[in-house]
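The values are calculated or read from the model by the stated rules, or taken from the named source; none is laboratory data. Remember, it's a predicted structure, so these values are computed and weren't measured experimentally. For neighbour counting, all protein chains shown are included, and Cβ atoms are generated from backbone atoms with ideal geometry for every residue, glycine included. Only protein heavy atoms, including side chains, enter the accessible area calculation; ligands, DNA and RNA are left aside. Shrake-Rupley method; radii C 1.70, N 1.55, O 1.52, S 1.80 Å.
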Amino acid sequence: MARKTFGMHQGSSFLTTRQRRLAWIGFLLAAVQAPVSAKLVEDSSWLFSLCVAVMVATVIIADDAVRRRPADASTSD
């Protein structure tokens, strides 16, 4: 499947389109679940949801950085 690029060649990402969609869904669910459970539960177990959301967001950001890198850029930086 060819990607449409606008003026420059983009590098390939390490997440497939399906994995990227699932990562976004997971991030949104964890990000919404954390404040809801913080309101409903008296202990600090909601912090786990917050940590999961931050980890998934980090993966999405890293995938974005790889996608935006030009395809001809050297990988031995």
Pairs only if they're at least six apart or on different chains, beta carbon under 8 angstrom, first in region 31-48 and without any contact (Cβ under 8 Å) to a residue 12 or more places away in the chain and more than 19 Å from I60 (Cβ to Cβ), second open to solvent by less than 90 Å² (accessible area, probe 1.4 Å) and among the hydroxyl-bearing types (S, T, Y); list them, first residue then second. S45/S37
Can you pull out the residues in region 11-21 that are assigned to a loop (DSSP other than H, G, I, E, B) and in contact (Cβ under 8 Å) with a residue 12 or more places away in the chain? G11, S12, S13, F14, L15
Tally of residues being under 30 Å from S12 (Cβ atoms), part of a helix (DSSP H, G or I) and aliphatic (A, V, I, L, M) across region 22-71: 19
